[in-house]
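Before any comments, here is the structure.
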């Protein structure tokens, strides 16, 4: 069953990537799959519509559940990052206040690898931030502020 | 979830956290810790607690001076930067943050200039942390004196008076038991010229005037003796791990060969009325700033605890250990390298009282 959900998630990601302008070869490389499998996926073969439905529901979970469930299913941080970034419909804006002490707990916690330390301060790449807020939970100085962007859709 | 691990070895400890990107490690060496509690003060998450240092220092109890709660510690490294003794060391991927420019560090150092040093060893003796080693090689004694000495063995009666009197142990008599074959008490007598300083005591004490000796050091010394033969050579070494930058070496050096930079400036005040002369402060002070004075004259009452602030680094350990709050340590200045991080700057500034 988990395998089927993973296939569903990959299908949704592949569809999104194609929509974003990637070709099948590139999608296969990004998702580390055979090109033929990508082709089958996109043509609706080897895949039950049930798993796609379940995967779709998962992408609509709150960001933290979407991220942690995906990571639990794949156990692969790189693919998790891509699937979550591609399938997440929400955008977030992250700021770090000067009270940050540069302990790096947020960076170690962030499954999206969106956080780097520079000059003893965390910097969050809003492009990759999935809004799971786990960084803010571990921050000892409560320095991270993340807000959802209202993009009018 | 990222979690810290903690290793404890006797009174030392090490807290670690690893992620695929980075390894963070905080290690504590109890032997170096002076018990000042700056780490407790600077920790942003209250993970460090100073132990009952008075009891620990005075009883030699087998417990560490501080405790680190690995569940609270976020491995930021601030405690290691504030520690004036370097008992806490923080490493990122096995490299000490002391070597990283983005982290501030206390400006402190102690150096002895070997070109100026005359190797008198005053600093070695005075250093309260036994951090200084002075190695020196002294000149040959024989090259610093000049003279002549000769024992007339025919006149000598082998009484041994000269051997006994010689302050430099330079006269050796080969004693033996007399036999009918050889009815003498000594087979030979000679002067070790490497040891003889031509003081002429042997000549003056010889009961039979068998010794001819003359000292030329006074009359011809300036001509006969080479100045280079009297040079003392050596080298100095300061163990950075033990050195606390207290300034004893600088203050005691007769030739100003030692240079010390202290991390803090401040004021140390002792309320002599409150003081109960328990001596905890004297025992804990890593810099030998405090001592109990003796009265100059009998009947005079001296102050209870004497301080010499020339040696103080304002670490505050004495104030923390005093059970009756008779000691107040104020830090007015903290010397540290610049950092771009506002939170770190604020923390360093917060060490001022």
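Every number here is computed from the coordinates shown, using simple stated rules; none is lab data. Not measured: the values here are computed from a predicted model. Backbone-built Cβ (ideal geometry, glycine too); neighbour counts: all protein chains shown.
Table for the structure above
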{"read-out": "Tensor-based shape of the protein assembly as shown (alpha-carbon gyration tensor, a/c under 1.5 rounded, otherwise prolate or oblate)", "value": "prolate"}
{"read-out": "Helix axis angle, A:2-19 relative to chain A longest principal axis, alpha carbon, degrees", "value": "90 degrees"}
{"read-out": "Inter-chain Cβ neighbour average for residues A:104-116, partner chain, 10 Å", "value": "3"}
{"read-out": "Fluctuation leader among A:93, A:40, A:123 - chain A, Gaussian network, Cα springs under 10 angstrom", "value": "A:40"}
{"read-out": "Simple spin-label estimate for residue B:224 and residue B:301 in nanometres, 7 Å along Cα-Cβ", "value": "6.3 nm"}
{"read-out": "Cα gyration tensor, region B:205-353 - rounded (a/c under 1.5), prolate or oblate", "value": "oblate"}
{"read-out": "Approximate spin-label separation residue B:135-residue A:68, in nm, with each point projected 7 Å along Cα-to-Cβ", "value": "6.1 nm"}
{"read-out": "Angle between chain A longest axis and helix A:49-59 axis [Cα atoms, degrees, rounded to 10]", "value": "10 degrees"}
{"read-out": "Among B:162, B:43, B:79: highest mean-square fluctuation, GNM of chain B, C-alpha pairs under 10 Å", "value": "B:162"}
{"read-out": "Degrees separating the helix A:77-87 axis from the principal Cα axis of chain A, which is the longest one", "value": "80 degrees"}
{"read-out": "Shielding by partners - mean other protein chain Cβ count within 10 Å, residues of A:118-127", "value": "3"}
{"read-out": "Expected 222 nm ellipticity per residue - DSSP helices of 4 or more, -39500 (n - 2.57), all of chain B, to 500", "value": "-4000 deg cm²/dmol"}
{"read-out": "Packing-based ranking, highest mean first, of A:116-122, B:284-290, B:138-144, B:334-340 given that Cβ atoms within 10 Å are counted", "value": "B:284-290, A:116-122, B:334-340, B:138-144"}
{"read-out": "Residue B:182 paired with residue A:78, simple spin-label distance in nm, labels 7 Å along Cα-to-beta-carbon", "value": "9.3 nm"}
{"read-out": "Expected 222 nm ellipticity per residue - DSSP helices of 4 or more, -39500 (n - 2.57), all of chain A, to 500", "value": "-14500 deg cm²/dmol"}
{"read-out": "Residue exposure sequence - B:13, B:78 - by fewest surrounding Cβ within 10 Å", "value": "B:13, B:78"}
{"read-out": "Ranking of A:45, A:35, B:24, B:331 by count of other Cβ atoms within 10 Å, fewest first", "value": "A:45, A:35, B:331, B:24"}
{"read-out": "Cβ neighbours within 10 Å from other chains - mean over A:91-103", "value": "4"}
{"read-out": "Pairwise centroid distance, computed over Cα atoms, of region B:144-189 with region B:229-272, Å", "value": "50 Å"}
{"read-out": "Overall form of region B:1-129 per C-alpha gyration tensor (a/c, 1.5; a/b vs b/c)", "value": "oblate"}
{"read-out": "GNM result for chain A, Cα springs below 10 Å: residue of A:126, A:36, A:88 fluctuating most strongly", "value": "A:36"}
{"read-out": "Peptides B:115-123, A:141-149, B:27-35 ordered by average Cβ neighbours within 10 Å, highest first", "value": "B:27-35, B:115-123, A:141-149"}
